[in-house]
Structure formats: structure tokens, C-alpha cells
Amino acid sequence: MESENMHLISQVKKLNYNDLKIFLIPVVIFSVYLAVFNQGVATIDSFNQLHQIASGEFTNWHPFFHTFIEMLCLKIYPSTLSIEIFQILVFSTMWMVICKYNRDDNDSTLKWQLVFTLIISLIPINGLYSVTLWKDVLFSYFMMFLCFLAMVMIDKKGNVDYRFIILISVVMAFIAQLRGNGIYVIAVTLVIYSVYLLVKRNAKMAVLLVILTVTFILLISALDVAYDVDDNAKDAMMTKIAHMLADYDMNLEIEDADRKEIHKLLREDKINSSFKLTVTDPILHITNAQQYESNKAAYIGLALKYSLKNPLHCLEYLFGSAPMVWNIIKDHWAGRPYYMSADQDRLQADFKTYYGNHHYTPTTPYENLSYVNWGTPAFDSLNHMLLDIEGSLWDTVFNNPALYMYISIILLFIIQAMVKSKEICLIYVPNLLNIIIVFFSTPIQDYRYLYANLLVCYLLVIIYIRTHQRFRNKTQD
């Protein structure tokens with residue numbers, strides 16, 4: 001891509017009415033979701049975090065940094081609406097900056113940006129996620145923005161200054177701490193982007209990028225100590241290993257001694273009835289966590305041993321357990337883009353499930369959630385539209401992460417051909433790493449884990465619009 005003459009931060013300072021238009025489109029449309037689905041969308045995971053905040057007893061079942069952000073919002077205004085307004089403003093601001101950078105106000109780029117911004121704002125998953133209390137929402141917003149910052153770095157051929165490095169370091173640190181797999185995404189991304197800066201003869205900024213990113217990650221991690229966060233996270237590796245060994249136990253020839261070890265980990269009489277290729281929770285319920293912890297290396301070794309002995313079956317298992325990553329046709333797996341219900345107040349139902357199962361008593365109003373507009377025509381119309389989309393072809397068109405991954409790859413090749421630079425592929429590195437990690441991790445088929453696929457694809461469309469406009473201008477000249 002051709003180099004920009006204006007620094008990103010300096011450019012953002014010169015906001016105008018066109019930028020306000022871009023900003024207000026998602027703000028206004030997402031606010032409709034906020035008004036209709038008042039007080040937002042929450043699941044059992046969300047109630048877990050809300051109760052931690054209310055009780056002051058924190059665990060890292062969910063990354064504490066996200067719980068901390070929610071806690072700050074609730075201190076400003078003690079309602080979940082504060083969290084959802086924050087999410088709406090974060091996305092709208094990031095999107096405004098992305099469009100600002102990729103636009104010349106004196107050409108037709110603005111018109112196409114306005115049209116596309118309206119389209120993505122009207123796609124229901126984006127409006128609904130903006131008012132959903134999931135860590136994956138903020139994680140995905142920052143993933144999109146990191147990919148954008150990578151584009152800026154490539155535009156400037158690595159000639160970036162300390163202000164840019166501070167910004168990208170903060171964004172990378174946020175991603176690393178907003179979700180469990182974020183640290184792995186950022187570890188590899190940090191190496192790749194630092195090497196890129198070294199290749200571009202900007203060693204000073206390459207070193208600064210590493211130092212600042214690691215420093216910010218450690219500072220955020222210090223919150224766990226400051227708030228006495230208990231280590232109570234579910235072992236994702238155990239879940240995956242147990243699920244994989246259950247599959248191997250049923251389908252492969254396994255040595256007697258190894259099978260006995262597997263049956264110490266998993267209840268032999270429950271494996272067949274509990275196993276489902278794309279779901280792990282039933283297997284988790286029959287897994288002996290203490291046995292795994294005392295023989296962790298042995299069970300990981302068993303999984304590796306039979307994966308290497310049966311590589312074709314291993315691949316079959318991996319692709320079969322993660323169709324959300326690669327399959328655009330949702331036929332045999334129960335993937336869900338969002339959690340709505342036609343016959344009950346889902347907020348109140350999940351509230352009762354979480355607090356009832358744990359025998360907790362809510363102590364603050366923001367813990368006891370229910371839909372203010374449940375049963376009204378506006379709520380029913382929007383709710384049923386979402387449920388209809390989830391059960392139709394529109395689910396693939398609007399929501400399916402795999403489709404947007406393929407579209408992104410196609411766009412990258414097209415943009416690369418226009419700008420004649422392979423460096424453009426570095427834009428997709430963070431999202432590609434997230435996809436790979438989800439592919440190898442527990443087979444949970446919630447679209448939210450790959451929501452970044454959609455957002456990064458939207459970013460690439462904006463880049464394509466800009467690149468096509470400039471490519472056409474050069475051709476005409």
C-alpha cells in the first residue's frame with residue numbers, strides 16, 4: 001500500500017462532520033437494540049461476572065481484566081446499561097477511526113463507507129452483540145482494531161514513531177488479557193510484527209514494541225494481585241484432552257494399559273452416552289479432574305501418541321469437532337450466533353439457573369435482570385426476527401464465521417494484487433492465529449469465539465474500497 005503522509009493520531013485529531021456521520025450510524029442503530037432488549041443480553045457466564053463484582057470475591061474463571069472493566073462501568077452507573085453503552089461507544093469510535101484513515105473526503109469513498117456502515121449496523125448480530133455481556137465482544141472489537149493498526153504500520157512501511165507503538169502495545173495488551181487464548185495470539189503476533197519492524201530497519205521501535213507490550217500485559221496482570229483474584233479457571237487443556245481421548249477410546253485400537261489409564265480419567269460406563277463430537281460439557285461432567293491433575297503429562301502424552309499413530313483419524317476428529325471454523329453449511333452441528341428464546345424471558349431464566357444452582361443471593365439490582373420490554377410488540381418482533389435468522393439460510397449470510405474467513409482471504413488476494421505487496425497479508429495475522437487456536441481448542445460451537453472473523457472482514461471491505469478508489473484514480477491518470 002502507498003505510504004500515508006499524515007500520522008494516524010494527527011489525522012484523528014482532525015475530525016469533521018463526515019466522521020460524525022460514520023460514528024452516529026452504529027450508535028443510533030445499536031441504541032435501538034439497547035432500548036428494545038433493555039437491560040441487555042446476559043447468559044450464565046455474564047451472571048457469574050456480575051455476582052463477582054457484587055460480592056467482591058473474584059476468580060479468574062473469566063479473565064479478571066474484563067470483569068474489572070465491567071466493574072468500572074457499574075461504578076459510573078450501577079446498571080448493565082453502562083456496560084452496553086461503553087461497548088457501543090468503543091465499536092463506533094474504532095469504526096469511525098478506521099473509516100477516517102481509509103477515506104479522502106473529496107472522492108466517492110465517503111459515500112461507499114456510509115452505505116457499508118449502514119449495512120453492517122443493520123446486520124442483527126452486530127447490534128445484538130453490542131448489548132451482550134460477553135468478554136468476546138470487546139475482545140473482537142480490539143482484534144479488529146489491531147488488524148487495522150497493522151495496516152497502518154504496513155502503509156507506513158514500518159516507519160512508525162513511539163506514539164503509534166504505545167497505541168498498538170496497549171491494544172495488544174488488552175487482547176492478551178480479555179480472553180484466555182488472547183495471550184497466545186499476542187505472543188506470536190508480537191514476534192511477527194517486531195520482526196517486520198526489524199526488516200524495515202526500525203529496530204528502535206521493534207524493541208520498544210516488545211518492551212511496552214510486555215509491560216502493559218504485566219501491569220494488567222497485577223490487577224489479579226491487587227483484587228485478590230482466586231485461581232479457579234477451568235482447565236481448557238483438560239477439557240480438550242478428555243474429549244479427544246473419549247473419541248479415541250471409542251474408535252481406535254488402544255493398548256490395554258493405556259485404555260485402563262483413560263478409564264481412570266473418564267467413567268467407562270458413561271463415555272458412549274456422554275460423547276458428542278461438537279460438544280464437550282457432557283464429557284467434562286464424567287472427567288476426574290484430580291486424576292488429570294496428578295497425571296497431566298501422561299494424558300497429554302496418550303493424546304499425542306494415538307494422534308501420531310492415527311494421523312488421518314486425528315484430522316477427522318479435529319475437523320469434525322470444529323465445523324464452526326471451516327464449514328459454511330450448518331447441517332449436523334448446533335452452532336449458535338446468539339442466545340434468545342421465544343417462550344421465556346431468557347435473562348430471568350439464566351438468572352434463576354445461575355443463582356439457584358449455586359445458592360447465591362443477589363445483593364445488587366444489576367444482578368437480578370429481566371427484560372423490561374418482554375412481551376411487547378417491539379420486543380417480540382425483533383426477538384422473533386433473530387430467531388428466524390438463526391434457523392434459516394440468513395444465519396450463514398449474516399453470522400457464519402467460516403464464510404467471513406473465506407471472504408477475507410479472497411479480499412486479501414484482491415487487495416494484494418492491486419497494491420502489489422505481499423505484506424498486506426500481515427493484517428490478518430492476529431485473526432488467523434485466533435482461528436487456529438479455536439480450531440485446536442475445545443469444540444464449543446458458539447459463534448462469539450470467532451466473532452472477530454466478521455469484524456475483520458468488514459475492515460478488509462473498507463480497505464478494499466479505499467484501494468479500489470486509489471487504483472482507479474491511478475489508472476485514469
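Quick rundown of the values:
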| quantity | calculated |
| --- | --- |
| Rounded to the nearest 10 Å², the accessible area of residue 285 at probe 1.4 Å | 150 Å² |
| Portion, in percent, of the accessible area of the chain that falls on carbon or sulfur, probe 1.4 Å | 63 percent |
| Solvent-accessible surface ranking, highest first, for 144, 237, 418 at 1.4 angstrom | 237, 418, 144 |
| Taking the range 46-141 and dividing mean pair separation by its residue count, relative contact order in percent (alpha carbons under 8 Å, at least six apart) | 29 percent |
| Whole-number accessible area per residue in Å² for the range 158-204, which is evaluated in the context of all protein chains at 1.4 Å | 44 Å² |
| Mean separation of Cα contacts under 8 Å, 6 or more apart, over the residue count of the chain: relative contact order % | 24 percent |
| Pairwise Cα inverse-distance average, inverted: Kirkwood Rh of the range 349-477 (Å) | 18.6 Å |
| Under 19 Å from residue 309, Cα to Cα: aspartates and glutamates that are on another chain or at least 8 residues apart | 247, 249, 253, 255, 256, 258, 261 |
| Order by protection proxy (mean Cβ within 10 Å, highest first), peptides 439-447, 386-394 | 439-447, 386-394 |
| Rounded accessible area per residue of the range 257-411, 1.4 Å, Å² | 53 Å² |
| Set of the range 48-87 residues, backbone N closer than 12 Å to the point 7 Å along the Cα-Cβ line of residue 357 | 48 |
| Mean projection area, nm², convex hull over Cα of the chain | 24.5 nm² |
| Links that overshoot a 27 Å alpha carbon limit, given the list 135/270; 75/240; 21/75; 100/420 | 135/270; 75/240; 21/75 |
| The range 19-36-the range 315-367 distance, computed between alpha-carbon centres (Å) | 26 Å |
| Under 19 Å from residue 422, Cα to Cα: aspartates and glutamates that are on another chain or at least 8 residues apart | 2, 4, 155 |
| Spatial separation of Cα centroids for the range 252-312 and the range 77-114, in angstrom | 47 Å |
| Gyration tensor (alpha-carbon) shape descriptor, the range 54-98, a/c threshold 1.5 | oblate |
| Potential lengthening between residue 231 and residue 309 on full extension [0.36 nm per residue; Cα-Cα distance subtracted] | 24.5 nm |
| Square roots of five times the Cα gyration tensor eigenvalues for the range 236-380, Å | 38, 21, 11 |
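The values are calculated or read from the model by the stated rules, or taken from the named source; none is laboratory data. Note that this is a predicted model, so its numbers are computed, not measured. Every residue, glycine among them, receives a Cβ derived from its backbone with ideal geometry; neighbour counts consider all protein chains shown. Accessible surface areas use protein heavy atoms only, side chains included; no ligands, DNA or RNA. Shrake-Rupley method; radii C 1.70, N 1.55, O 1.52, S 1.80 Å.
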